[in-house]
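These notes are about the structure you will find just below.
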Number of protein chains: 2
Amino acid sequence: MNFSTQLSKASRPLSSWQKILEWAQLRYRVRTFSKDEQIPTRSGLLYLVESGAIRLVGTSPIKAVNINDESEEPQETTEEAFLGFVSPGEPFEIVTHFCVSIQAYAHVDRTSVIWMYWHELDNWANFRGEVFEAFRYQQQRKLLWLTSLGQRRTIDRLLSFLTLLIEEYGEPKEQSYYLPYPLTHSQIGSAIGSTRVTVTRLMGKLRQQGLISIEEDNLICMPKTAADSSPESEVE
Amino acid sequence: MNFSTQLSKASRPLSSWQKILEWAQLRYRVRTFSKDEQIPTRSGLLYLVESGAIRLVGTSPIKAVNINDESEEPQETTEEAFLGFVSPGEPFEIVTHFCVSIQAYAHVDRTSVIWMYWHELDNWANFRGEVFEAFRYQQQRKLLWLTSLGQRRTIDRLLSFLTLLIEEYGEPKEQSYYLPYPLTHSQIGSAIGSTRVTVTRLMGKLRQQGLISIEEDNLICMPKTAADSSPESEVE
């Protein structure tokens, strides 16, 4: 897998990071959350992940009325879409929108988050620029993600979604890269417009084909050669 | 429809914009394209839309091998996903990626684009900050878009996709907002992981329900009350 270097991790400004952490601790601006705890957020504030990982989730109440001949599965009461992770050193913000609502959750235990006002960024030279660079990078990643979700076959959406996730967050281990965070089939389904049941079935197929494997603690792995070889694999 | 003000349009720095345009004209850094012409782009350059509209499109070659019992429609040879518009005053950039490829096309006739190196942004005070603000805004929009695409029913994806598009790019006209750019059913399908045929069928249903209408020149309209009332509409 010929993954590019992770822009965001590389650009993390470690020298000012220590100063920011001290600044935040002095002002009680850093707080630690347990797994799946929701981060209380306010529009207009900036958040920085200090440790652990944040899971962004969106809910949309825009629904068409029920259509009898729609041959799709019945609607559950709430539908949350998994929108990605924010890893240590990365910023995030939660904007309010007239209908779509976005929330941040601690994805793992001991996830620690710093918050500040935007103008406080100017306390550290160049840090504002680095935060903006991180958002620019995130915007680029979301374009790649949207490309993968535009595919019609669920299995194609699933495979490209996993490839992008592991490219961005994956860590090397022997002959593969693994996603360091657990992700349920239901969460994967919520990202690619599918269901837990379908994801379980298609993950089985990808495993049979050797495109992914599941390691201890249910972590998803991709062999280093998988993404390189898949463009050559014939579709029909 | 209680649409928020368009951050990006409001923040367009008109005073420096005129200077940037003159700078670009002097250096032959502005070029006009016909409808559907591809913009030749290079990684590491920054592009600004001067007039018209850019359509961003992504292609992903990551495909799983054919699965016989997959009950979905057969795969076409290429699958391009519509990723959104870039309107006048907005920046865009095209990054290279090891597998996903993103292209920019002139969506309408007489689309004019300025290009520059990133360091040239510093020619105009505050302009770098405004470009970064625009990318930050685009990143927020893409999170909303991903939320809408996480929904399982195609009709829900379609309705929230159209709502977000019209919220961002729509222009008011009497009792409705309309999307000022034409968009084919095939392009819509490519954004929401569906087909032209399905989009045509579901657009018919949305029209019957009065949630959208189609005006002259095939432009998509939404009544100003549609998005306000849809959260209340019952799903099942």
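A short reminder: the numbers here are calculations on the coordinates, not readings from a lab. The structure displayed is predicted, hence computed values, not measured ones. Positions of Cβ are backbone-derived with ideal geometry, glycine not excepted, and every protein chain shown enters the neighbour counts.
For the range A:23-60, the residues whose backbone nitrogen is under 11 Å from a point 7 Å from the Cα of A:Asp109, taken along Cα to Cβ, are A:34-35.
Please compare each pair in A:Lys63/A:Lys173; A:Lys35/A:Lys173; A:Lys19/A:Lys224 to a cut-off of 32 Å on the Cα-Cα distance and tell me which ones are over it. Beyond 32 Å between Cα atoms: A:Lys63/A:Lys173; A:Lys19/A:Lys224.
Mean per-residue shielding of peptide B:99-106 is 4, counting Cβ atoms of other chains within 10 Å of each Cβ. In the range A:152-236, taking the dipole from charged Cβ atoms about the Cα centre, the farthest positive-side position among A:Pro172, A:Ser186, A:Met222 is held by A:Ser186. Note on B:Asn123 and A:Leu45: with the Förster distance fixed at 22 Å, the Cβ-Cβ geometry gives a FRET efficiency of about 0.10. Inter-label distance, B:Tyr181 to A:Gln208: 4.1 nm, where each label sits 7 Å from its Cα along the C-beta direction.
Taking label points 7 Å from Cα along the Cα-to-Cβ direction, A:Lys19 and B:Glu171 give a separation of 4.8 nm.
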